[in-house]
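Below is one structure, written out as structure tokens; the observations come after it.
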Amino acid sequence: MSVCMRRLITNTRGFLWSDMETRALLDIWGEADVQSALDGNFRNSHVYRDVAARLGELGFERTPEQCRIRIKGLKRQYYQAREGFKKNGHARKICRYYDEMDRILCARPAPASSGEPALPETAGMILLHPEPPCREDLPGDRREREEEEEMEDEEEASGGGPESSQDNFTEDSGEGSSCYTEHPIKVEDGTSFAIPLPPNEGYKHINAKTNPLQNPQLKKSKKRHCNVTLDKMMERFLQQSVDAEEKFYKYEEQRLQIEDKRREAEHTRELQMLQMLAQMLNGISSASQLAAPSRASPPHRANIRPYTEPVHFNSTTSTFPSPIVLERSFSLRPTRPAKDMENIFQLVRNVIPPLAPKKHKGQDGKIGIIGGCQEYTGAPYFAAISALKVGADLSHVFCTKDAATVIKSYSPELIVHPVLDQPNAVLEIEKWLPRLHTIVVGPGLGRADSILENAKSVIEKAKSKGIPIVIDADGLWLVAQEPTIIQGYQRAVLTPNFMEFSRLYEAMLTEPVDSSDHHGSVLRLSQAMGNITIVQKGERDLISDGEKVLVCSHEGSNRRCGGQGDLLAGSLGVLVHWAFLAGPEKINGQNPFLVAAFGACSLTRQCNHQAFQKHGRSMTTGDMITEVGTAFNKLFET
């Protein structure tokens, strides 16, 4: 760092002076010994060092240079106010401390016994400031100090020091001089003379001989003096800013309206084109049906096993057929026949039970959540409350004793049973199984051996009673350790993410997942597990029952906060019960677990999309749960 830059930083540190600090400085500077020292044989730097030390004793930390600059600025303001500044009539406003400065300077001791003599008026020369006296009338030592001060001022002015800002603006009064002020002419014996310049310029020496009689008067400054105060100028500026901001928002609103109209027009045109395309495809389909009526039912349907039929799987002898992949399709027509196999989304709507006044509590679903331990209390809550939000009437949580109180505090709408870690846990839960339509095993279950053993026994009891089972989270870890727990039970749905799917795949097929064939991988795992329904969660949700693969690519978001899988598991538990209860007529003879899984995946993605639109990166699963109602209505009831 250069010397000039270091000096600039030192001088400008602590630039603003408070009113209390300034008055304390004036009290110290006005003391008789300080004034005598300034007129004596002391250098100004020594005097202001003492002033800064006294100011520091009062609690104000200032450097000697800052004290000298502040006093110099106050003296200049005082002299300007004393001259009157008659052009704009704000003389006394320039110097807030006029009375203090007047008291100190009037009482200042004279440098000589005869006092400070008045300056003689030289013919042809106008002296703008009668006080302080010219340097020629001062004693030699004081004249040298004045010269040294002026040389330092010139160096600071030429180096861009902070004194110009300090002199032109008074931070205490909030006002500054609106133009350059006049300065006393420095008269010297020699060939050089000084002309007045603005304060930022200092004195400019020109080596030329002059005759003061030829310039009897100084030229008037061409600067125009503004009579508008700083407050009025700020008021005008603020008003202009407000007007400009209002115009900006007005134009922006108009632009957005035009953009919305343009988008609506484009959307309308797209809908018209899609309608025309749908009519053309319907015509082609009708013609093909008339030409080949014998193909009313696909030939491969005869080879499809019912979802309740047990499957005997041998990984060494079985061959896997090529997967049937059904992508989700969107139709412009409001309704489509339920027998249309490709529109799985319409099948989901068909299984949703209507709300009727004759129904009783529990008829639309009683869901049991097996999970919840001391470490994980949020997961079972998310699953249970999601089931209620989707439309279940009752939601039970079977958790450990440590987690029960916490889960109860989340919501009074949940029925919490603190039995999962008890010695008689299986007997207690078995009493409730006949009352439950679906159980969800895994959210917040943990991996303690005793709890996993109880969960394993509960799964066996539920299988014996034919209750649909949804397995997620730590329940999938239990299945990976012992696949025979659920293998072949086709009323089960597994919902693994990428890591859980890889663990299950390696446990069942003893080989790593083929990353280039996602559809085939999920199909093979479902067949290896006995044709139970697998929902592989990911960028696109892949759903397979060993016969076909459904792909749910409904728009969601890139946010991957914890708990979204619990929302899927809870909503899936309700939809499984509804699809199983609806019967084969409403689902066109399809696997009800496929239909329920597709609906749960679409609902979870829609909740994710709506919550992300509102909260962005800060979205959490709690925000998604608040969107379940509106997302459900948008997807299934509009």
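Structure above, values below:
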| quantity | calculated |
| --- | --- |
| In Å², nearest 10: area of residue 406 left accessible to a 1.4 Å probe | 50 Å² |
| With all protein chains modelled, accessible area of residue 96 [1.4 Å, Å²] | 120 Å² |
| Segment 537-638, dipole about Cα centre (Lys/Arg Cβ +1, Asp/Glu Cβ -1), debye to the nearest 20 | 300 debye |
| Cα gyration tensor shape of segment 397-445, rounded if a/c is under 1.5, else prolate or oblate by comparing a/b with b/c | oblate |
| Segment 584-611 versus segment 514-578: alpha-carbon centroid distance in Å | 11 Å |
| Cα gyration tensor shape of segment 505-554, rounded if a/c is under 1.5, else prolate or oblate by comparing a/b with b/c | oblate |
| Solvent-accessible area of residue 464 with every protein chain in place, 1.4 Å probe, in Å² to the nearest 10 | 90 Å² |
| Segment 533-569: trypsin sites (Lys or Arg not before Pro) in DSSP loop, at most 13 other beta carbons within 10 Å | 560 |
| Among the listed pairs 361/456; 431/456; 463/586, those beyond 28 Å (Cα-Cα) | 361/456 |
| Antiparallel bridge percentage (DSSP; both residues within segment 467-603; nearest 5) | 60 percent |
| Cα gyration tensor category, rounded, prolate or oblate, for segment 485-638 with a/c compared to 1.5 | oblate |
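The values are calculated or read from the model by the stated rules, or taken from the named source; none is laboratory data. The model shown is predicted, which means the values in this text are computed figures rather than measured ones. Note that each Cβ is placed from the backbone with ideal geometry, even for glycine, and that neighbours are counted across all protein chains shown. What goes into the accessible areas is simple: the full protein's heavy atoms, side chains included, and nothing from ligands, DNA or RNA. Shrake-Rupley method; radii C 1.70, N 1.55, O 1.52, S 1.80 Å.
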